[in-house]
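Presented below is the structure to which this report refers.
The values are calculated or read from the model by the stated rules, or taken from the named source; none is laboratory data. Note that this is a predicted model, so its numbers are computed, not measured. Methodologically, a virtual Cβ is constructed for each residue, glycine included, from the backbone with ideal geometry; neighbour enumeration extends over all protein chains shown. These accessible areas exclude ligands, DNA and RNA; they are computed on the full protein's heavy atoms, side chains included. Shrake-Rupley method; radii C 1.70, N 1.55, O 1.52, S 1.80 Å.
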Amino acid sequence: MREALFELDGQRVIGGVADVVAKERDVGEAWIRAQQLLLRVLHDEPGPARDIVLLNTGVALYAANVAPSMDAGVALACQALTDGRALAKMQQF
């Protein structure tokens, strides 16, 4: 393991435990950001994340023969976000 200097609760620590704590903090912050992004998409907030979700879901609906075309799949996905069905389904879990 490479030795590195970290600050933990105002104390300078070298390597080991501090390295693990720093990584856990970064993962925790990333998890929070991912949850916030998911909620923005499920609340139908316009933006790149919503666009990507709609495209992926639309293609999946087409591939599963739920929609007759990718455009129709995207339209179905958009309806589910707009009317709150996608959020309601997520809240079931």
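Would you tell me the accessible area of residue 82, worked out with a 1.4 angstrom probe on the heavy atoms of the protein chains, in Å² to the nearest 10? Spelled out: residue 82, probe radius 1.4 Å, area about 90 Å². Taking all protein chains as they are arranged and a probe of 1.4 Å, the heavy atoms of residue 40 leave approximately 100 Å² accessible to solvent. Using a simple spin-label model with pseudo-atoms 7 Å out from Cα toward Cβ, residue 36 and residue 60 lie 2.4 nm apart. 3J(HN,Hα) along the range 41-48: 5, 5, 8, 6, 7, x, x, x Hz, from the Karplus curve 6.51 cos²θ - 1.76 cosθ + 1.60 with θ = phi - 60°, whole Hz, x for Gly and Pro.
Of the residues 61, 81, 55, 76, the one with the largest accessible area comes first in the ranking 55, 76, 61, 81, computed with a 1.4 Å probe on protein heavy atoms. For residue 51, the accessible surface of its heavy atoms amounts to roughly 90 Å² (probe 1.4 Å, protein chains only, rounded to the nearest 10).
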